[in-house]
Amino acid sequence: MTAKIISGTETAKAIREELKIEIAELKEKHNVVPGLVTILVGEDPASQSYVSAKNKTAHALGIHSEQVTLAADTSEQELLNLIEKYNNDDKIHGILVQLPLPKHINEAKVLYTINPDKDVDGFHPVNVGKMVLGEQCYLPCTPHGILELLTRSGVNTSGAEVVVIGRSNIVGKPISNLMLQKRDGGNATVTICHTRTKDMAAHTKRADIIIAAVGVPKMVTADMVKDGVVVIDVGVNRIGKTADGKAILAGDVDFDAVKEKAAAITPVPGGVGPMTITMLMKNTLQAAKQAAGLI
Ligand code: GUN
């Protein structure tokens, strides 16, 4: 069996077209332009490229976007003050602080400071709590993107054995929670594997759907999966550089080998990555509509 390739690039493109139309209508009918600020502390090349992609996409969709880059030695208080400024800025509906932050800054304190109504990343405990309870909230962008990819690819999750590899706050924990919820796109039986899991392959071999979010290049190999599995690869690992200095990327899954057994698989790049950015745009539009009292 050779897998169907689930293209995040194509799915994201289709959703962005829908968003572009909605954003233009919001401006025309209500004179509201969604506004997003991204805040990056330091010079991590991967974070720089993510933030610049987020701003570029926002701009292309008609979202007002501001990009703030702070020196790596910026104090925690300076960052908190900046967040407060944007909490009180009516032009800005969404605030995103790119993670990870330098070690001297308390990440939790920063995330708690963002007004939950502007927390388009869905990382504030109020939004995390609402997500767990299945209430209306901002869903975190990568898990939200994964749900959209599965749904739009026609993957049935109800009753499926889902194995999530990784227990991060950004991906592993929220996607596990979302997939077990009692609604369309959920209803799965979810197992979470992590660095202390004793026999990872014993779990992955049973899986109907594998979601790999560990940050270890090509960790999921063909012998770890069953025929007909659906594989969502969240890993973006920089494994080298091309002659002209571009990063060579690999996912957490050995794509070439696993695609021979899988029913469907996401590539890296061009899988989950574009979906994460697109869901951020969707959340920013939601924030603007909420602020205008339209939802
Ligand atoms: N770092 C890696 N993924 C994310 C994300 O989705 N949001 C933010 N703010 N930082 C990240």
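I need the GluC sites (Glu not before Pro) found in the range 1-105, filtered to DSSP loop residues with at most 13 other beta carbons within 10 Å of theirs.
GLU43
Compute the helix-to-body angle for 8-30: its Cα long axis versus the longest principal axis of the chain, expressed 0 to 90° and rounded to tens.
Helix 8-30 and the main axis of the chain meet at about 20 degrees.
With the crude spin-label approximation of a point 7 Å out along Cα→Cβ, what separation in nm comes out for VAL68 versus ALA257?
The modelled label-to-label distance comes out at 4.7 nm.
In percent, what relative contact order does the chain have, based on Cα pairs under 8 Å that are 6 or more apart in sequence?
With pairs under 8 Å counted, the relative contact order is 22 percent.
Which value in deg cm²/dmol, rounded to the nearest 500, describes the helix-derived mean residue ellipticity at 222 nm for the chain, given -39,500 (n - 2.57) per DSSP H run of n ≥ 4 and division by the residue count?
My calculation for the chain gives -12500 deg cm²/dmol from helical runs alone.
Show me, for the range 221-236, the HN-Hα J-couplings you get by feeding each phi into the Karplus relation (A = 6.51, B = -1.76, C = 1.60, θ = phi - 60°), rounded to Hz, glycine and proline as x.
Result, rounded to whole Hz: 9, 4, 6, 8, 10, 9, 4, x, 5, 9, 10, 10, 9, 8, x, 10.
Placing one identical point scatterer on every Cα of the range 228-271 and ignoring solvent, what is log10 I(q)/I(0) from the Debye formula at q = 0.26, 0.33 Å⁻¹?
Values, matching the q order: -0.87, -1.14.
Apply the Karplus parameterisation 6.51 cos²θ - 1.76 cosθ + 1.60, with θ equal to phi minus 60°, to every residue of the range 77-93 and state each ³J(HN,Hα) to the nearest whole Hz, in sequence, with x for glycine and proline.
5, 4, 5, 4, 5, 5, 4, 4, 4, 6, 4, 9, 9, 5, 6, 9, 9
How about the range 85-187: which GluC sites (Glu not before Pro) there are in a DSSP loop, with at most 14 other Cβ atoms within 10 Å of their Cβ?
Hits after loop and neighbour filter: GLU135.
Need the list of lysines near LYS109 for cross-linking: C-alpha distance under 25 angstrom, and skip anything on the same chain fewer than eight residues off.
Once the sequence-local lysines are set aside, what remains near LYS109 is LYS54, LYS85, LYS91, LYS118, LYS130, LYS173.
Once phi is turned into θ = phi - 60°, what whole-Hz ³J(HN,Hα) does the Karplus curve with 6.51, -1.76 and 1.60 give for every residue of the range 133-148, x standing for Gly and Pro?
Karplus-based 3J(HN,Hα) across the range 133-148 equals 7, x, 8, 4, 6, 7, 7, x, 5, 5, x, 4, x, 5, 4, 5 Hz.
Cα centroids of the range 260-283 and the range 119-182: how far apart, whole angstrom?
If you average the Cα positions of each part, the centres end up 14 Å apart.
Normalised by the number of residues in the range 151-245, what is the relative contact order in percent for Cα pairs under 8 Å and 6+ residues apart?
After rounding, I find 27 percent.
Hey, what's the per residue convex hull volume over the C-alpha atoms of the chain, in cubic angstrom?
Cα-based convex hull of the chain, divided per residue, equals 133 Å³.
Pop a pseudo-label 7 angstrom from the Cα along the beta-carbon direction at both THR9 and ASP244 and give the gap in nm to one decimal.
If labels sit at THR9 and ASP244, their model points lie 1.5 nm apart.
Check VAL220: other-chain or 5+ apart residues with amide H under 5 Å from its amide H, H built from backbone geometry?
Excluding prolines and chain starts, which carry no amide H, the hits are VAL253, ASP254.
Straight-line reach from LYS29: which lysines fall under 16 Å, measuring Cα to Cα and dropping same-chain residues less than 8 apart?
Output for LYS29: LYS20, LYS289.
Give the aspartates and glutamates whose C-alpha is closer than 20 Å to that of LYS103, dropping any in the same chain fewer than 8 places away, or say none.
Correct list for LYS103: GLU43, ASP44, ASP73, GLU76, GLU78.
Bear in mind these aren't lab numbers, they're just calculated from the coordinates by the rules spelled out. All values reported here derive from a predicted model rather than from experimental measurement. Heads up, the Cβs are rebuilt from the backbone with ideal geometry, glycines too, and the neighbour counts pull from every protein chain shown.
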